[in-house]
1. Taking SER114, is it closer than 20 Å to LEU185 by Cα, of a type in the set (Gly, Ala, Ser) and under 10 Å from the mean Cα position of the chain (by Cα)?
2. Does THR202 count as closer than 20 Å to TYR113 by Cα and β-branched (Val, Ile, Thr)?
3. Given GLU123, GLU67, which one is part of a strand (DSSP E or B), of a type in the set (D, E, K, R) and over 24 Å from GLY26 (Cβ atoms)?
4. Hey, can you tell me all the residues within the stretch 1-32 that are modelled with pLDDT of 95 or more, among the hydrophobic types (A, V, I, L, M, F, W, C) and in contact with a helix residue (DSSP H, G or I) (Cβ under 9 Å, 6 or more places away or on another chain)?
5. How many residues are over 15 Å from the mean Cα position of the chain (by Cα) and assigned to a loop (DSSP other than H, G, I, E, B) if we restrict to the stretch 70-87?
6. Take the conditions closer than 20 Å to GLU123 by Cα and surrounded by 15 or more Cβ atoms within 10 Å (Cβ to Cβ) and apply them to TYR4. Does it pass?
Amino acid sequence: TTPYLGSPAAIPGKVEAENYDVGGEGIAYHDSDDSNEFSLFRNDGVDIVAEGTGYSVANAINKEWQEYTLDVTESGEYDISIYYSSNLDNGNARIGLSLPEENRILVENYKLYSTFDWSNFSEETIAREINLTKGKHILRASVVQLGYHLDWIEIKKPGTTNVLESQLTPLSVFPNPSLTGVFSLNRTSDYSVYSIDGLKITTGKGRFIDLSSFSKG
């Protein structure tokens, strides 16, 4: 394969999902058919839509994948985030990331929660403190379970932030009402829960709030 833009994506940095390598079916990508359903951006078998921050890879089904040539500028530990959308039940969509030429799995089977609409994209950190060596690598993004559109992948030093992370992303709580007393959040958050009369009953950090030990209401 060769990089789509002629040179590898610099890491730390962001990799646009639609900028997968050049090389064709079974080499730079795998797709179940040989046509771009929406006829946007590229003329091969990967479906691309005009969504997110420009274009996104869409309609991918199980076991399809795209590869990206990376150039890591410094050996060390990195976090990996993606910008995606999903309108399926929470946890049904799954993504995997690997370095196939090195026989190394970075993310095997990561659950992607619903963003409530295909056009509503959300950033999610799917791996932390992954060790990468300086130099060229081939990254493969694989569909473990269909149900998401992928805008970009970002590989960055732990603790660094970008513009999207500094913006206030609307927080969603679901299901509401909950039959079990366990609620999910659409992003990792610090939270406090108060009773109807203003008494703080619990605090925490994460993507789940367990109120099953409290009375209904």
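1. Against the criterion (closer than 20 Å to LEU185 by Cα, of a type in the set (Gly, Ala, Ser) and under 10 Å from the mean Cα position of the chain (by Cα)), SER114 does not qualify.
2. Working: closer than 20 Å to TYR113 by Cα: no; β-branched (Val, Ile, Thr): yes.
Taking the combined requirement at face value, the residue does not satisfy it.
3. On the way: GLU67 fails: over 24 Å from GLY26 (Cβ atoms).
Just a single option satisfies the conditions, and that option is GLU123.
4. ALA9
5. Qualifying residue count for the region: 3.
6. Numbers: closer than 20 Å to GLU123 by Cα: no; surrounded by 15 or more Cβ atoms within 10 Å (Cβ to Cβ): yes.
Criteria not met by TYR4.
Per-residue answers, yes or no, for (1) of a type in the set (Phe, Trp, Tyr); (2) open to solvent by 60 Å² or more (accessible area, probe 1.4 Å); (3) at pLDDT 95 or above; (4) within 12 Å of the chain's Cα centre (by Cα):
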residue: GLU101; (1), (2), (3), (4): no, yes, yes, no
residue: ILE126; (1), (2), (3), (4): no, no, no, yes
residue: ASN131; (1), (2), (3), (4): no, yes, yes, no
residue: GLY135; (1), (2), (3), (4): no, no, yes, no
residue: LEU139; (1), (2), (3), (4): no, no, yes, no
residue: TYR148; (1), (2), (3), (4): yes, no, yes, yes
residue: THR161; (1), (2), (3), (4): no, yes, no, no
residue: PHE183; (1), (2), (3), (4): yes, no, no, no
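Yes/no matrix, rows are residues, columns are (1) among the hydrophobic types (A, V, I, L, M, F, W, C); (2) in contact (Cβ under 8 Å) with a residue 40 or more places away in the chain; (3) open to solvent by 40 Å² or more (accessible area, probe 1.4 Å):
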position	(1), (2), (3)
GLU51	no, yes, yes
GLN66	no, yes, no
LEU70	yes, yes, no
THR73	no, yes, yes
TYR78	no, yes, no
ARG94	no, yes, yes
LYS111	no, no, yes
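The values are calculated or read from the model by the stated rules, or taken from the named source; none is laboratory data. Just so we're clear, the structure is a prediction, and the values are computed from it rather than from any experiment. Cβ atoms come from the backbone with ideal geometry, glycine included; neighbour counts cover every protein chain shown. Ligands, DNA and RNA are stripped out before the accessible areas are found, and what is left, the full protein with its side chains, is counted by its heavy atoms. Shrake-Rupley method; radii C 1.70, N 1.55, O 1.52, S 1.80 Å.
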